[in-house]
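One structure is given here, and the rest of the page talks about it.
The values are calculated or read from the model by the stated rules, or taken from the named source; none is laboratory data. What you see is a predicted model; the values in this text were computed from it and never measured. Because the Cβ atoms are built from the backbone with ideal geometry, glycine has one as well, and the counts that use them run over all protein chains shown.
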Amino acid sequence: MTPDKHIKPALKIGLFGIGLQAYWQQFEGLEQRLSDYVDIVADKISGFGAGVVNLGLIDTPEKAFEAGSKGTGDPLNEDTMSSVILGNSLLTSNGVPVARNTR
């Protein structure tokens, strides 16, 4: 079966939340709450028919590099619109690698 050139692929959105790991011990329940928010937004976006690559809550530079280079088995690429949920204070090193290293 040959794909129809007139049918556009469904929108794919890369979604992630950003937090600062140092806050988790200071504010009980904050990490879980922010993680839940990312999941809620992912569910809402999916309800509109878009594909979602949910990278979860990124709270360290290491997680940012991992998310940017590997994704979740469904890597972000030039056909993916990225969206960020800002949960609390963050370091740019927790967000920039995701956007910079996606393919």
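Tally the residues that are in a helix (DSSP H, G or I) and either at pLDDT 85 or above or of a type in the set (Val, Ile, Thr) (or both), restricting the search to the stretch 62-78.
2
When you look at residue 18, is it modelled with pLDDT of 85 or more and touching a strand residue (DSSP E or B) at 6+ places or on another chain (Cβ under 9 Å), yes or no?
For residue 18, the condition - modelled with pLDDT of 85 or more and touching a strand residue (DSSP E or B) at 6+ places or on another chain (Cβ under 9 Å) - is met.
Looking at 45, 40, can you tell me which residue is modelled with pLDDT under 90 and assigned to a helix (DSSP H, G or I)?
45
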